Amino acid sequence: MCAQQASGAPRSAAARVADLKETLERYNYRYHALDDPQVPDAEYDRLMLELRALEAQYPELAAPDSPTQRVGSVPVAAFGAVRHRVAMLSLDNAFSDDEVRDFDRRIRERLNIPNTIRYSAEPKLDGLAISARYENGVFVQGATRGDGETGEDITLNLRTIKALPLKLRSGAPPVLEVRGEVFMPLAGFAKFNQEALARGEKSFVNPRNAAAGSLRQLDPKMTAARPLDLFIYGLALVEGGELPGQHSETLQALRRWGFKICPQSRVVEGADGCLGYYREIGVQRAELPYQIDGVVYKVDDLEQQRQLGFVSRAPRWAVAHKFPAEEALTTVRDIEFQVGRTGALTPVARLEPVFVGGVTVSNATLHNMDELTRKDVRVGDTVVIRRAGDVIPEVARVLPERRVAGAAMVVLPSVCPVCGSPVVREAEQAVARCSGGRTCAAQRKEEIKHFASRRALDIQGLGDKLVEQLVDREWLRTPADLFSLQAEQLATLERMGDKSAQKLQAAIIAAKHTTLPRFLYALGIRDVGEATALALAQHFGDVAALRAAADEVIQRVPDVGPVVAKHVEAYFRDPENAAIVDRLLGSGITWPALAPANVHTELSGKSFVLTGTLETLTREAAAEAIVQQGGKISGSVSKKTSYVVAGAEPGSKLNKAQTLGIAILDEAEFMKLLKK
Ligand code: D41
């Protein structure tokens, strides 16, 4: 045993504890605030274990600011009230460019300055506003916003959020109150919901509710188990320290003191700068790892902020510019079943038209019977429609309390609504299918639409409506009939002049020059998407070899499993399909030979990831050129990636490549490699 101090713990243990605390806080800062981890997680965990052991041995060394003390163990009976020393204001909203220009004009008038105002612009996180107080660099109290005057004491719960420093770095003022937004990152939200569903528990409707629900847990252990994150966006109170003169400088100071601030914050000039920022963030939005519902502009100069002051709880110097709502309420007029290319029946809700995500929506997919049953959508129901980014609108949920009496559950039709063939549903499968095959007009139409689509044979000008007309007139039955269409015949269609008819025929002829992966994808074999078509093309090199292959052979293709292999084999064994393929090949469809596996090119076996915009090539053309020369395309960067091709405005893939030390090619270098 070591010699004991009066307090009980030996001096060496106290020193080691202090050392560990300091190191862990530093690692934590690098990891959370700077997003730039200094050591592997395992090393962090090892030090944490050592600290825990020491604190267990000498409980008097376990101070409340220790990184081990994030999870308080005792649930509180109810949250205490916290009176905010400085009121938590709310934000005014702007919903249009004009409202933003008005905001900027009012500010210039009030300040009586004609020049452009500098604004600090930042994404508006969709989470929960909180306040956190530090005394002598130690986190002492956290509170919800509440009504702005009084909030709830959530100190113990906030402690569990790793992005919140328990102890500030040196240089921080002795007393400090900061304001920020707690949120649940999208990845954590998806994972959490998946796990909740698997346990048969309730899932959260959206990340905001998930964050709110998690913060309001009486047992901090529950909060600790939730993947919460936190950005600090402002300073409410400082005692005994110098304040910067600009909001943007405040953010940098907060970062130095140990807080995590939003990396997308930026200073912009005037209303134009604000609106430009709004558009940029709008584009990035779908790829941001967290949910936002707009952006916030704040007058950057703190003296100007002071002069502007606030009206009825909202500062005059800030405004939230909201994105169009991605959710809206409407009612279901009807539920119908659409028949797809492979006969799959998709339930679709016909809606009372509603403006959501910036467009008017009158149809929303219900995906399949399982989804329909799970969400229990019925005709007449009031539903929440979601349209996020370019994703097709869907019914997010039903408001059961608004259900009209007697609304019946939707049942799967026993026969196809288009052709009357029996509907079959394989055991354990979510998808029900029309068994009519090409006798079903819907399946015939969808097969041809797919064949002509942009990523397949890319027949310019052959739109969905046209295909439907051609199938209805029985001029087309299968894709193979496309190549017998004549311009004179096409010219007799409604709204089709001689010129457009000739153009269409020329486009059909031009589409005969394609690539093998496109051709295989165009056939519309069940479960053969672009990636599988590519893998099949690279493995077999031509159609004849693939047609002759048994499913065990097809299974040897990388990433092709037994189910897909069976579908491929079955497709080519089917006499009608075989006849169609023969006719297609006979009509002169051709493609350049792929670099066979045994011919070595500069690109053979290399794995490429594309990011950003190329000037000379579309992304598809670049991918095709890579594949043509024996390379592979991957969607994400890993250690196995050979090259990352970076165009203009590359995404996070470029950062990842730099981190992993993957070779990065700019457009010129990439073109040179292709030409070699
Ligand atoms: O990201 C946010 N949700 C956010 C909220 C933000 N970036 N800045 C904010 N700034 C303010 C002022 C200007 C009043 C300090 C806010 C909020 N307020 C806010 N959040 C909830 C109510 C008000």
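The values are calculated or read from the model by the stated rules, or taken from the named source; none is laboratory data. Note that this is a predicted model, so its numbers are computed, not measured. Cβ placement follows ideal geometry from the backbone for every residue including glycine, while neighbour counts extend to all protein chains displayed. With ligands, DNA and RNA removed, areas are computed over all heavy atoms of the protein, side chains included. Shrake-Rupley method; radii C 1.70, N 1.55, O 1.52, S 1.80 Å.
Please count how many residues of the range 143-158 are among the polar types (S, T, N, Q), closer than 17 Å to G213 by Cβ and outside any helix (DSSP H, G or I). First the steps, then the outcome.
Step one: list which residues in the range 143-158 are among the polar types (S, T, N, Q), which gives 144, 150, 155, 157.
Imposing the further condition that a residue be closer than 17 Å to G213 by Cβ reduces the set to 144, 157.
Filter again for outside any helix (DSSP H, G or I), leaving 144.
Adding up the residues that qualify gives 1.
Sort out which residues of the range 251-268 are part of a helix (DSSP H, G or I) and surrounded by 16 or more Cβ atoms within 10 Å (Cβ to Cβ), and write them in order of number. Spell out the reasoning first.
Of the range 251-268, the ones part of a helix (DSSP H, G or I) are 251-257.
Scanning the range 251-268 gives L251, A253, L254, R255, W257.
Quick one: in the range 450-474, of everything that is open to solvent by less than 30 Å² (accessible area, probe 1.4 Å) and either touching an Asp or Glu at 6+ places or on another chain (Cβ under 6 Å) or outside any helix (DSSP H, G or I) (or both), which residue is nearest to A344 (Cα to Cα)? Write out each step before concluding.
Step one: of the range 450-474, the residues open to solvent by less than 30 Å² (accessible area, probe 1.4 Å) are 450-452, 456-457, 459, 462, 466-467, 470-471.
From what is left, the residues that are either touching an Asp or Glu at 6+ places or on another chain (Cβ under 6 Å) or outside any helix (DSSP H, G or I) (or both) are 456-457, 459, 462.
Values: A456: 20, L457: 23, I459: 24, L462: 23 Å.
That would be A456.
Could you check the range 273-368 for strands (runs of 3 or more DSSP E) lying wholly inside it with 1 or more residues that are open to solvent by 20 Å² or more (accessible area, probe 1.4 Å) and not charged (D, E, K, R)? Steps first, please.
Values: elements: 292-299, 318-322, 327-339, 345-356, 359-365.
Qualifying strands (runs of 3 or more DSSP E): 327-339, 345-356, 359-365.
Condition check: in a strand (DSSP E or B), within 30 Å of L366 (Cβ to Cβ) and open to solvent by 30 Å² or more (accessible area, probe 1.4 Å). Does R438 satisfy that?
Numbers: in a strand (DSSP E or B): no; within 30 Å of L366 (Cβ to Cβ): yes; open to solvent by 30 Å² or more (accessible area, probe 1.4 Å): yes.
Criteria not met by R438.
Could you pull out the residue among D98, D102, D92 that is on the phi < 0 side of the Ramachandran plot, within 12 Å of the ligand (Cβ to nearest atom) and either more than 34 Å from the chain's Cα centre (by Cα) or not aliphatic (A, V, I, L, M) (or both)? Spell out the reasoning first.
Details: D98 fails: within 12 Å of the ligand (Cβ to nearest atom); D102 fails: within 12 Å of the ligand (Cβ to nearest atom).
One residue alone meets the criteria, D92.
Which residues, taken from the range 204-228, are crowded, with 21+ Cβ neighbours inside 10 Å and out of contact with any helix residue (DSSP H, G or I) (no Cβ under 8 Å at 6 or more places or on another chain)?
A211
What single numbered condition from (1) within 19 Å of K676 (Cα to Cα); (2) in contact (Cβ under 8 Å) with a residue 40 or more places away in the chain fails to hold for T611?
That leaves (1) as the condition not met.
Limited to the range 613-622, what total is found for residues that are at pLDDT 85 or above, in contact with a strand residue (DSSP E or B) (Cβ under 9 Å, 6 or more places away or on another chain) and open to solvent by 20 Å² or more (accessible area, probe 1.4 Å)?
Number satisfying all stated conditions: 3.
Conditions: (1) away from the ligand (no atom under 16 Å from the Cβ); (2) in contact with a Leu (Cβ under 8 Å, 6 or more places away or on another chain). R85 meets all but one. Number of the miss?
For R85, the exception is condition (1).
Do you know which residues across the range 164-176 are within 35 Å of the chain's Cα centre (by Cα), more than 16 Å from the ligand (Cβ to nearest atom) and surrounded by 20 or more Cβ atoms within 10 Å (Cβ to Cβ)?
P165, L166, K167, L168
Can you name the residue in the range 140-152 that is open to solvent by 10 Å² or more (accessible area, probe 1.4 Å) and at pLDDT 95 or above and is also nearest to the ligand (Cβ to nearest atom) among such residues?
From the range 140-152, those open to solvent by 10 Å² or more (accessible area, probe 1.4 Å) are 140-141, 144-147, 149-150, 152; that's our starting set.
Narrowing further to those that are at pLDDT 95 or above: 140-141.
Numbers: V140: 21, Q141: 18 Å.
Looking at the filtered set, the residue picked out is Q141.
Quick one: in the range 86-117, of everything that is of a type in the set (G, A, S) and in contact with a strand residue (DSSP E or B) (Cβ under 8 Å, 6 or more places away or on another chain), which residue is most open to solvent (accessible area, probe 1.4 Å)?
At the first step, the residues of the range 86-117 found to be of a type in the set (G, A, S) are 87, 90, 94, 96.
Going one step further and asking which of them are in contact with a strand residue (DSSP E or B) (Cβ under 8 Å, 6 or more places away or on another chain), we end up with 90, 94.
Details: S90: 43, A94: 2 Å².
Ranking the qualifying residues of the range 86-117, first place goes to S90.
Does the range 209-216 contain at least one residue that is within 16 Å of the ligand (Cβ to nearest atom), at pLDDT 95 or above and among the polar types (S, T, N, Q)?
Checked against the condition, which is being within 16 Å of the ligand (Cβ to nearest atom), at pLDDT 95 or above and among the polar types (S, T, N, Q), the range 209-216 yields no hits at all.
Against the definition (touching a Cys at 6+ places or on another chain (Cβ under 9 Å) and not in a loop (DSSP other than H, G, I, E, B)), how does E181 come out, yes or no? Lay out the reasoning, then the answer.
Working: touching a Cys at 6+ places or on another chain (Cβ under 9 Å): yes; not in a loop (DSSP other than H, G, I, E, B): yes.
In short, yes.
Go through the range 223-248 residue by residue and tally those that are away from the ligand (no atom under 16 Å from the Cβ) and over 26 Å from the mean Cα position of the chain (by Cα). Full working, then the answer.
Step one: filter the range 223-248 for residues away from the ligand (no atom under 16 Å from the Cβ), giving 223-227, 239-242, 245.
Subsequent filtering for residues that are over 26 Å from the mean Cα position of the chain (by Cα) retains 239-242, 245.
Going through the range 223-248 one residue at a time, the tally reaches 5.
Can you tell me which of I113, I130, I161 is assigned to a loop (DSSP other than H, G, I, E, B), under 30 Å from the mean Cα position of the chain (by Cα) and β-branched (V, I, T)? Don't jump to the end; show me each part of the working.
On the way: I113 fails: under 30 Å from the mean Cα position of the chain (by Cα); I130 fails: assigned to a loop (DSSP other than H, G, I, E, B).
One residue alone meets the criteria, I161.
Would you please name the residue that is modelled with the lowest pLDDT, looking only at residues in the range 69-122 that are closer than 28 Å to Y134 by Cβ and of a type in the set (V, I, T)? I'd like the intermediate steps shown before the answer.
Our first condition is that a residue be closer than 28 Å to Y134 by Cβ; within the range 69-122, this holds for 69-91, 119-122.
Narrowing the set further to residues that are of a type in the set (V, I, T) leaves 71, 74, 76, 82, 86.
Numbers: V71: 64, V74: 55, V76: 61, V82: 90, V86: 92.
Across the range 69-122, the extreme among qualifying residues is V74.
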